[in-house]
Amino acid sequence: MPFDLVVKNATLPDGRTGQDIAVAGERIAAVEPGIAAEAGRVIDAAGRLVSPPFVDSHFHMDATLSLGIPRLNQSGTLLEGIALWGELKPLLTQEAVVERALRYCDLAVSQGLLAVRSHVDICDDRLLAVEALLHVKAAVKPYLDLQLVAFPQDGYYRSPSAARNLDRALDMGVDVVGGIPHFERTMADGAASVRALCEIAERRGLMVDLHCDESDDPLSRHVETLAAEAQRLGLGGRTVGSHLTSMHSMDNYYVSKLLPLLLEAGVAAIANPLINITLQGRHDTYPRRRGLTRIPEMRALGIPVALGQDCAMDPWYGLGGADMLDVAHMAVHAVPMTSREAIRWSFGAVTAIPAAIMGLEGYGLEPGCNADFVLLQAADPIEAIRLRATRLAVVRRGRVIAETPPRLARLGLEGRPTGVDPAGYAPRVAAN
Ligand SMILES: [Zn+2]
């Protein structure tokens, strides 16, 4: 048997159609039309989209699925969310964090989400969540890549033991340096925290991913400091500014200076449209700001931008379900970015772009890549976003690890078709 698995007649995210994907062991052996060789298992994609797995480059797995414990966020603000998480933290047990994270990963796998960068709060001196998520990272490794960020939720300087705990967490094996400069006591403390955290990343040879300027404050300037520090320390290509929502409210002249600094320093951005469309603008009356960062402008300049989920059913966000197509769908609407080209780009912003930002090895649909991919009930990436398409099959290292039946409705209408396949409504529009 030359191949273990062959997927026939797939459409790929880059627009190629009629492609067969042959898998030998854990790797993709060939991607070309008309592969005739025998295979242990054959899946007929029937012209539908096969994509590399979804990637969530910004998440909080220590808080996920804790919605309502010990109470709900009444104001819907970031600050009440942080306060509520502070009430929950002393109540956490390692078993409960592990259990919720594993349950979340089950859901993620079913949605074809096979790589997650999760921030983990290090402000609890017990480092209970760190231990729990390191355990989860090892447990889910066969089916999901979990990258952890040491995140001082209560402030690197504002929380008395955060600096020591952050070092401890990195010593324990947490992968990435995190921070939250806009939550420090002063703008100066925030800038100092960016500097200190970037120096830690440089010293340890790690990536750095800071929650940055997640506010409606047009004068929040931490991403500027992040760019300057990335430049000074040579952290280009391994530095991320997450959220960057204040950029929505900044003066246009200032942004015209800021964005080239990010590009020059090699800083990538991660926007989190589901949560930030709900958290931002809460102090506005009308007109009410959307509070998303400037995605099209960063894209136009060549700054890597990914879309993250951030939260699912936790103190900050009561909805969410490991569905990265939902994230892309929100971005398309809320930014807005409705050209065919921009919608197609949004699909990349929840797949290939975050994979590159996270430095995932063997990611993609080329021969030699890991045999990790998702068959969707959709004709192409735009359709996948339009439909939040069903993940018909999820393959990890050549093995089908999740399957969902296609979404098909039966109709009982006189003189009309007997059923509806929502994916059958794909429009026939010219490219772009
Ligand atoms: Zn976050």
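Please verify whether Gly173 is of a type in the set (Gly, Ala, Ser), within 24 Å of Ala101 (Cβ to Cβ), touching a Phe, Trp or Tyr at 6+ places or on another chain (Cβ under 6 Å) and at pLDDT 95 or above, treating the condition exactly as stated. Before you say what the answer is, go through the steps one by one.
Details: of a type in the set (Gly, Ala, Ser): yes; within 24 Å of Ala101 (Cβ to Cβ): yes; touching a Phe, Trp or Tyr at 6+ places or on another chain (Cβ under 6 Å): no; at pLDDT 95 or above: yes.
It is false that Gly173 is of a type in the set (Gly, Ala, Ser), within 24 Å of Ala101 (Cβ to Cβ), touching a Phe, Trp or Tyr at 6+ places or on another chain (Cβ under 6 Å) and at pLDDT 95 or above.
Being part of a strand (DSSP E or B) and away from the ligand (no atom under 16 Å from the Cβ) is the filter; apply it to region 112-150 and report the residue that is surrounded by the most Cβ atoms within 10 Å (Cβ to Cβ).
Our first condition is that a residue be part of a strand (DSSP E or B); within region 112-150, this holds for 113-121, 145-150.
Now narrow it down to the ones that are away from the ligand (no atom under 16 Å from the Cβ): 113-115, 145.
On the way: Leu113: 26, Leu114: 30, Ala115: 22, Asp145: 21.
By that ranking, first place goes to Leu114.
Each row is one residue, and each column tells you yes or no for (1) touching a Gly at 6+ places or on another chain (Cβ under 7 Å); (2) more than 16 Å from the ligand (Cβ to nearest atom); (3) not basic (Lys, Arg).
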{"position": "Gly173", "(1), (2), (3)": "no, yes, yes"}
{"position": "Gly178", "(1), (2), (3)": "no, no, yes"}
{"position": "Pro181", "(1), (2), (3)": "yes, no, yes"}
{"position": "Arg185", "(1), (2), (3)": "no, yes, no"}
{"position": "Ala188", "(1), (2), (3)": "no, yes, yes"}
{"position": "Cys198", "(1), (2), (3)": "no, yes, yes"}
{"position": "Arg203", "(1), (2), (3)": "no, yes, no"}
{"position": "Leu210", "(1), (2), (3)": "yes, no, yes"}
{"position": "Asp213", "(1), (2), (3)": "no, no, yes"}
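Please identify the pairs in which a residue from region 9-28 that is under 13 Å from Ala379 (Cα atoms) has its Cβ atom under 8 Å from the Cβ atom of a residue that is of a type in the set (Phe, Trp, Tyr) and not in a loop (DSSP other than H, G, I, E, B), counting only partners at least 6 apart or on another chain.
If the second residue must be of a type in the set (Phe, Trp, Tyr) and not in a loop (DSSP other than H, G, I, E, B), the pairs left are Pro13/Phe347.
Mind checking which residues of region 208-239 are farther than 13 Å from Gly266 by Cα and assigned to a strand (DSSP E or B)?
Within region 208-239, Leu210, His211, Cys212 qualify.
Taking strands (runs of 3 or more DSSP E) that fall entirely within region 17-99, which contain at least 2 residues that are away from the ligand (no atom under 16 Å from the Cβ)?
Values: elements: 19-24, 27-32, 39-44, 54-59.
Of the strands (runs of 3 or more DSSP E) lying wholly inside region 17-99, those with at least 2 residues that are away from the ligand (no atom under 16 Å from the Cβ) span 19-24, 27-32, 39-44.
Report the residue count in region 250-297 for those that are part of a helix (DSSP H, G or I) and within 16 Å of the ligand (Cβ to nearest atom).
Taking region 250-297 as the starting set, the residues that turn out to be part of a helix (DSSP H, G or I) are 252-265, 273-279, 295-297.
Adding the requirement that they be within 16 Å of the ligand (Cβ to nearest atom) leaves 273-279.
The qualifying residues number 7.
So, in region 166-197, exactly how many residues are surrounded by 24 or more Cβ atoms within 10 Å (Cβ to Cβ) and assigned to a helix (DSSP H, G or I)?
Count: 8.
Looking at region 309-333, I want the residues that are in the same structural domain as Leu274 (by TED's automatic domain parsing) and have a partner that is among the hydroxyl-bearing types (Ser, Thr, Tyr) and not in a loop (DSSP other than H, G, I, E, B) with Cβ atoms under 6 Å, at least 6 apart or on another chain. Which pairs are those?
Ala328/Ser346; Ala331/Ser346; Val332/Ser346
Please work out if Ala430 is over 24 Å from Ala334 (Cα atoms) and at pLDDT below 95.
When the stated conditions are applied, Ala430 passes them.
Where in region 298-412 are the helices (runs of 4 or more DSSP H), entirely inside, with at least 2 residues that are among the small types (Gly, Ala, Ser) and under 17 Å from the mean Cα position of the chain (by Cα)? Explain how you work it out, then say what you get.
Numbers: elements: 324-334, 340-348, 352-358, 381-387.
So the answer is 324-334, 340-348, 352-358.
Can you pull out every residue in region 299-338 that is charged (D, E, K, R) and within 16 Å of the ligand (Cβ to nearest atom)?
Matches in region 299-338: Asp310, Asp314.
The values are calculated or read from the model by the stated rules, or taken from the named source; none is laboratory data. All of these numbers come straight from a predicted model, not from anything done at the bench. We place every Cβ from the backbone using ideal geometry, glycine too, and count neighbours over all the protein chains shown.
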